[in-house]
Amino acid sequence: MKKYYESPKGGAEKKAARLPDWLITPTFIIGVVILLVVLFAAIFPSAIAPYDPDAVNIVARSQAPSAEHIFGTDNYGRDIFSRVVWGARIDLSIGFFGVLIPFVIGSLIGLLAGWYGGVLDSVLMRFSEIMMAFPFTILVIAIIAILGAGTINLYIALWLVGWMSYAKLVRAEVLSLKQSEFVEAARVAGFTDARILLRHVLPNVISSSIVFAASDMVLCMLTGASMSFLGLGVQPPTSEWGAMLNEGRTYITTASWMTFYPGLCLAITGVGLSLLGDSLTDILRKKGR
């Protein structure tokens, strides 16, 4: 009787064809699904929203959720579902761009401070430590109070405050890595500092900042919504979840749907980004073993 054995090559191919464990974890799947839904709403709001988010209809004002308006209407008769969908674009933009610029600037500053040290390192790190002694939200409010309310000034405040965390993270990684053997080998080979930093050091130190950026997006979104709620961020009548919460708080006892749905969308999006951040942490931990 013949016996059939699976070839080593075939076994390797089957093993390679398997999905990584982190791709099938519930945390990763839920986070991706939530983020994809919100991204689709942000990119194609007109394909989902049944009404103009800014269209006023006094006859239909303060209507409870129904088949015609599934999230109800606000005190101006505007469809809340349409405003929530269009608001996803604003809130995701605040989360993404509020992190992108500090991520780039802070990573470069941390890279240079950790590599060269000396006066540059001392000045930058002492300044960041002094600034980080104050709560993040308080600093953002103080900067907006100086510059004035508005979306652009909100971005500027997030950028001015957000870079420090990335600088400290990258600096700490560079300090532990710059005496490594592969860095010494690159120096012996005659590579310039710019090439060593960008080609050899940066790819090995940036992972922790990427993981932090996922959770930092949640902080920026919540801060942006908080500023809009206080009247310091996105201004009416622009559809933004924090501004919608501010508009609906007066009617919270008579028309609770005006605050419930924007708040729910903000919470769900934050949970999705947090789950993705946890998944990235697990991925990097497993790769480091």
Review point. Got at least one residue in the range 26-45 being closer than 30 Å to D282 by Cα, hydroxyl-bearing (S, T, Y) and surrounded by 15 or more Cβ atoms within 10 Å (Cβ to Cβ)?
Key: yes
Exercise for review: Kindly check whether there is at least one residue in the range 62-85 that is open to solvent by 80 Å² or more (accessible area, probe 1.4 Å), within 20 Å of the chain's Cα centre (by Cα) and within 25 Å of N153 (Cβ to Cβ).
Suggested key: no
Study note, to complete from the structure: Flagged in the range 220-260 as open to solvent by 50 Å² or more (accessible area, probe 1.4 Å), in contact with a Ser or Thr (Cβ under 8 Å, 6 or more places away or on another chain) and more than 23 Å from I146 (Cα to Cα), in numbering order, are R249, Y251, I252, T254
Practice item. Answer with yes or no whether G277 is modelled with pLDDT under 85 and touching a Gly at 6+ places or on another chain (Cβ under 9 Å). Key: yes
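Kindly evaluate L154 against the criterion of being open to solvent by less than 50 Å² (accessible area, probe 1.4 Å) and at pLDDT 90 or above.
In short, yes.
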Exercise for review: Within the range 29-49, work out how many residues are out of contact with any Ser or Thr (no Cβ under 6 Å at 6 or more places or on another chain) and part of a loop (DSSP other than H, G, I, E, B).
Suggested key: 1
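In the range 100-123, which residues are in a helix (DSSP H, G or I) and either small (G, A, S) or open to solvent by less than 10 Å² (accessible area, probe 1.4 Å) (or both)?
Restricting attention to the range 100-123, the residues satisfying the condition of being in a helix (DSSP H, G or I) are 100-116, 118-123.
Across the range 100-123, the qualifying residues are P102, G106, S107, G110, L111, A113, G114, G118, S122.
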Study note, to complete from the structure: Checked T269, T223, T250 against criteria (part of a helix (DSSP H, G or I) and within 22 Å of F28 (Cα to Cα)); the one match is T269
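Given the structure, is I196 out of contact with any Pro (no Cβ under 9 Å at 6 or more places or on another chain), surrounded by 15 or more Cβ atoms within 10 Å (Cβ to Cβ) and in contact (Cβ under 8 Å) with a residue 24 or more places away in the chain? Walk me through how you get there before you give the answer.
Values: out of contact with any Pro (no Cβ under 9 Å at 6 or more places or on another chain): yes; surrounded by 15 or more Cβ atoms within 10 Å (Cβ to Cβ): yes; in contact (Cβ under 8 Å) with a residue 24 or more places away in the chain: no.
Against the criterion (out of contact with any Pro (no Cβ under 9 Å at 6 or more places or on another chain), surrounded by 15 or more Cβ atoms within 10 Å (Cβ to Cβ) and in contact (Cβ under 8 Å) with a residue 24 or more places away in the chain), I196 does not qualify.
Mind counting the residues in the range 157-170 that are of a type in the set (G, A, S) and open to solvent by 20 Å² or more (accessible area, probe 1.4 Å)? Talk me through it step by step, then tell me what you get.
Going residue by residue through the range 157-170, those that are of a type in the set (G, A, S) are 157, 162, 165, 167.
This time we only want the ones that are open to solvent by 20 Å² or more (accessible area, probe 1.4 Å), so: 165.
Going through the range 157-170 one residue at a time, the tally reaches 1.
Test of understanding: among I144, I138, which residue is among the β-branched types (V, I, T), open to solvent by less than 20 Å² (accessible area, probe 1.4 Å) and closer than 21 Å to D216 by Cα? Talk me through it step by step, then tell me what you get.
Working: I138 fails: open to solvent by less than 20 Å² (accessible area, probe 1.4 Å).
Just a single option satisfies the conditions, and that option is I144.
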Check your understanding: Any idea which of I94, I101 is under 29 Å from S239 (Cβ atoms), β-branched (V, I, T) and in contact with a Cys (Cβ under 9 Å, 6 or more places away or on another chain)?
Key -> I94
Practice item. Have a look at S226, S256 and point out the one that is closer than 29 Å to T281 by Cα and in contact with a Gly (Cβ under 9 Å, 6 or more places away or on another chain). Key: S226
Check your understanding: Going by the structure shown, is F134 in contact (Cβ under 8 Å) with a residue 40 or more places away in the chain, over 30 Å from A194 (Cα atoms) and out of contact with any Lys or Arg (no Cβ under 8 Å at 6 or more places or on another chain)?
Key -> no
Check your understanding: Say we look at the range 1-56 and pick out the residues that are modelled with pLDDT of 90 or more and among the aromatic types (F, W, Y); which of these is farthest from S279 (Cα to Cα)?
Key -> Y51
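The values are calculated or read from the model by the stated rules, or taken from the named source; none is laboratory data. This is a predicted model, so every value here is computed, not measured. Cβ coordinates were reconstructed from backbone atoms using ideal geometry, including for glycine residues, and neighbour counts include every protein chain displayed. Side chains included, ligands, DNA and RNA excluded: accessible areas come from the protein's heavy atoms. Shrake-Rupley method; radii C 1.70, N 1.55, O 1.52, S 1.80 Å.
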